Amino acid sequence: MIFAITIISVLTFALTNIFAKKTWQKLLSMIFAIIFLISLIFITANDRYHYAMKKTTETTTQTLISATNNKNINLLLYQPLGNGTEKIYLYKTNESQKKPRTTGINHVENTLKKNQSQTQLRTDKTYWVYKNDTARFWFGLSSKNHQLIKEKNTFNVSKDWLILSTDQAKNLTKLIAENESSMQKESKSFIQEKVKNAMIQDPTMDQVAQKK
């Protein structure tokens, strides 16, 4: 509505200003000019300072499954960014996923919590939304409604999960392939412990270390 008023007021001001000859016509022209300026101020306030809006947070929780297709290893992947202080995570939440999803970069905060009782991803997304129906009526054409402010992803993983970089995961795949026959005979917990130890001793897990 505020956009319609702005357009109508500026057009009416232009018309009345052009043809205004009498005093009342000039006053009418000034009134439409004031309406235009006021509506423009409200549009700017809504656009820059989120006038008539409020913050709301939506929370979702999803169970995590291993990012690898190997059923013997529970794996969560990450990709370091820049100097390594920031990371994006690659994860799966259902068996139908062919490829892991990735967390975003802009306005996104990722947190990892180990040794938790449940393995799940909690996502908290904070948005700008209209305060009420009146605000929606006046600023309904604005694209600011449900605009993302920030996203926080909390990865809760139990103690039997591995947290590896994508480069480490590539080496892990090689390790599993080279030891596939023996791994089929061993228990899942033993396999995970073996992989953990290998990664701790040599995060790059080159072929020489894998054969020991």
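The values are calculated or read from the model by the stated rules, or taken from the named source; none is laboratory data. Predicted model, so just to flag it, every value in this text is computed and none were measured. Positions of Cβ are backbone-derived with ideal geometry, glycine not excepted, and every protein chain shown enters the neighbour counts. Just so you know, the surface numbers come from the protein's heavy atoms only, side chains and all, with ligands and any DNA or RNA stripped out. Shrake-Rupley method; radii C 1.70, N 1.55, O 1.52, S 1.80 Å.
Looking only at segment 1-45, how many residues end up being open to solvent by 60 Å² or more (accessible area, probe 1.4 Å), farther than 19 Å from residue 134 by Cβ and over 35 Å from the mean Cα position of the chain (by Cα)?
Total meeting the criteria: 19.
Residue pairs, Cβ under 7 Å, 6 or more apart or interchain, first in segment 118-146 and in contact (Cβ under 8 Å) with a residue 60 or more places away in the chain, second of a type in the set (Lys, Arg). List them.
Close Cβ pairs (under 7 Å, with a partner that is of a type in the set (Lys, Arg)) amount to 124/152; 126/55; 126/150; 128/55; 128/144; 129/54; 130/136; 131/54.
Are there any pairs, at least 6 apart or on different chains, whose C-beta atoms fall under 9 Å, with the first in segment 19-31 and of a type in the set (A, V, I, L, M) and the second assigned to a helix (DSSP H, G or I) and open to solvent by 100 Å² or more (accessible area, probe 1.4 Å), and if so, which?
The qualifying pairs are 20/26.
Determine if segment 39-56 includes at least one residue that is within 30 Å of residue 91 (Cβ to Cβ) and touching a residue at least 24 places away in the same chain (Cβ under 8 Å).
yes
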